[in-house]
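See below for the structure under consideration.
The values are calculated or read from the model by the stated rules, or taken from the named source; none is laboratory data. Model, not experiment: these values are computed from the prediction. As a convention, Cβ positions derive from the backbone with ideal geometry for all residues, glycine included, and neighbour counts pool all protein chains shown. Just so you know, the surface numbers come from the protein's heavy atoms only, side chains and all, with ligands and any DNA or RNA stripped out. Shrake-Rupley method; radii C 1.70, N 1.55, O 1.52, S 1.80 Å.
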Amino acid sequence: MVIPTPDSGILKRIYANIVGSGGFVSLDIPEKILKRLYTYGSLKDTDRGVEFEVKNRLQDAKFAGINRLVINGDEIDSERVRLVTADGDSFRLDEVTEDSPIQFPVGRTVTVVVEEMNLPTGDHDIHVDFVAEPFGELTLEIGDTIRGEDAIPGIPRSDDDNYSEEAIAERHEYIEEKTGAELEHVPEFSFDASMGQGNIENFIGVAQMPLGLAGPVKINGEYADGEYPIPMATTEGTLVASYSRGMKAINLSGGAKTTVVNDRMNRAPVFVFEDARNARDFRDWVFEHYDTIKEKAEETSSVAELVEIEDYMTNNFAHLRFSFQTGDAAGQNMVGKATFAACNWVLQEYPGYVENFYLEGNFATDKKASKVNDMMTRGKRVTAEVTLDRDTCIHHLGAEPDSLAHHSKIATIGSFFSGANTNGAHPANGLASLFIATGQDEANVAESSAAILNTTLLDDDSLHISVTIPSLIVATYGGGTGMATQQECLEILDCAGPGNVNKLAEIAAATVLAGEISLGAAISASDWVTSHESLGRNR
């Protein structure tokens, strides 16, 4: 009987393994990827014996047993081995078989415990032959180290409830003993500490940031329509006053027109190949199977929608930038999970050989400004614009329209010459203060502040000013937006909860526009230093 050779896909790989392994099916997973199943640093001596952790970082599977375990060249008797799940269930090896496997979805751990064994501090070699469906028989050969943990300092924490009053008090005592600092203001907060779970670890209190109110600013947007007082958390004197001045100029000119142009959140995995031709062939295969990849990605979320996969090829690498819409969440974690699921399907089904794979190749440029974000969008691409009449420029801002336009042109050349990520004066100022007030991920100011400013002097001597933010990352749901004071600040803006993220994006863009108008005018009119002398840190 002749078994036909499959042309492509996972069947081809199964066929190759059957022919080459005497009938036992085992999928061909690159060693570098397979090693990620082991949790490095998990090897340790405990009261129940030596143990280490295996974590599923590939795709949903079933753990079907260990055939052989060797530590430092010595084969371990199966009677001494136990498998412990994350739920605390313990199994003897003979209880875990292909007919009776342990559920092993992505993210789940299984701890391997060797009873009646202790290892000294130092390096150790581990060899494990195990079975996981649908992968078949897999082999892990890794080295790990047991360190002298007593010599490594650590912050006090509770495994039972790390947000309890007792756990927090223990950390306060640790600070006083370790540093001599006596905390008076940090421990004073008005919300339940358990609200910090998922937002902060080793909680000790709050950093109380002064909160001011700028504006209000009139916005004529598709989502934000009305006058909005803007909460701004900052310690920089003159900032709130300056933004209020810019907002008044906007209001005197009828309000800011705001437009959300695009909406995307990205994750950019990289696949490594023997050469560029294999990388190109892989890219082509991915595009041919886009519909299925989209389906696999979107199965992980009721919100995430894959809208495009961009390809960026270099050397023997295929960078694929997965772009999603993520509703009212900023979505970085959401798209990471969705992309991970899609890539695991790709790794399983692709008929060729992938040498290595990383979920992020630094091409999504998380928390970094980049040209790819400027061109392709990350978060919300939003524009705010206004036309300032001559009287507003002169009598409110203290600068003539042509002076403002001329200064903007020179500042753009200065930004280009210096390699700055924006030709604006200070987009990060307004965004950072608004982000902290409303519970955004403050590190996203890095890419969000890469604003593009344009000024046009019109025939009637009025000045049209617009600012586009191509990578504005904001949320009204999830993350820090649910924290107590941040929730209240979102309520000030009528942006709390689902359905409001585009409104918040338009408000943020109008805030940036106000700051650009005010600081640009202050520099043009030589009022910048004198303003800081009267209101800011210079006094």
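Tell me, please, whether a residue that is hydrophobic (A, V, I, L, M, F, W, C), in contact (Cβ under 8 Å) with a residue 40 or more places away in the chain and crowded, with 19+ Cβ neighbours inside 10 Å can be found in segment 291-303. For segment 291-303, residues hydrophobic (A, V, I, L, M, F, W, C), in contact (Cβ under 8 Å) with a residue 40 or more places away in the chain and crowded, with 19+ Cβ neighbours inside 10 Å: present.
On the given criteria, is GLY515 of a type outside the set (S, T, N, Q), out of contact with any Lys or Arg (no Cβ under 9 Å at 6 or more places or on another chain) and closer than 20 Å to ARG378 by Cβ? For GLY515, the condition - of a type outside the set (S, T, N, Q), out of contact with any Lys or Arg (no Cβ under 9 Å at 6 or more places or on another chain) and closer than 20 Å to ARG378 by Cβ - is not met.
If you scan segment 142-155, which residues turn out to be without any contact (Cβ under 8 Å) to a residue 40 or more places away in the chain, surrounded by 11 or more Cβ atoms within 10 Å (Cβ to Cβ) and either touching an Asp or Glu at 6+ places or on another chain (Cβ under 8 Å) or in a helix (DSSP H, G or I) (or both)? Hit for segment 142-155 is GLY143, nothing else.
Considering segment 448-486, and only residues there that are assigned to a strand (DSSP E or B) and of a type in the set (Gly, Ala, Ser), the residue that is most open to solvent (accessible area, probe 1.4 Å) turns out to be SER466.
Scan segment 442-455 and report the pairs whose first residue is closer than 16 Å to THR377 by Cα and β-branched (Val, Ile, Thr) and whose second residue is in a helix (DSSP H, G or I) and modelled with pLDDT of 95 or more, with Cβ atoms within less than 7 Å and a gap of 6+ or a chain change. Within 7 Å, the pairs are VAL445/ALA428; VAL445/LEU431; VAL445/ALA432; VAL445/PHE435. Here GLU98, GLU75, GLU53 are screened, and the one residue that is open to solvent by 70 Å² or more (accessible area, probe 1.4 Å) and at pLDDT 90 or above is GLU75.
Considering ASP328, ASP275, the condition of being over 20 Å from MET375 (Cβ atoms), open to solvent by less than 50 Å² (accessible area, probe 1.4 Å) and charged (D, E, K, R) is satisfied by ASP328 alone.
The residues of segment 272-315 that are more than 20 Å from the chain's Cα centre (by Cα) and hydrophobic (A, V, I, L, M, F, W, C), listed by number, are VAL272, PHE273, ALA276, ALA279, PHE282, TRP285, VAL286, PHE287, ILE293, MET313.
So which residues in segment 101-121 are open to solvent by less than 20 Å² (accessible area, probe 1.4 Å), within 24 Å of GLU31 (Cα to Cα) and over 33 Å from the mean Cα position of the chain (by Cα), if there are any at all? Hit for segment 101-121 is VAL113, nothing else. Counting the residues of segment 107-138 that are touching a Ser or Thr at 6+ places or on another chain (Cβ under 9 Å), touching a residue at least 60 places away in the same chain (Cβ under 8 Å) and closer than 23 Å to GLU349 by Cα gives 6.
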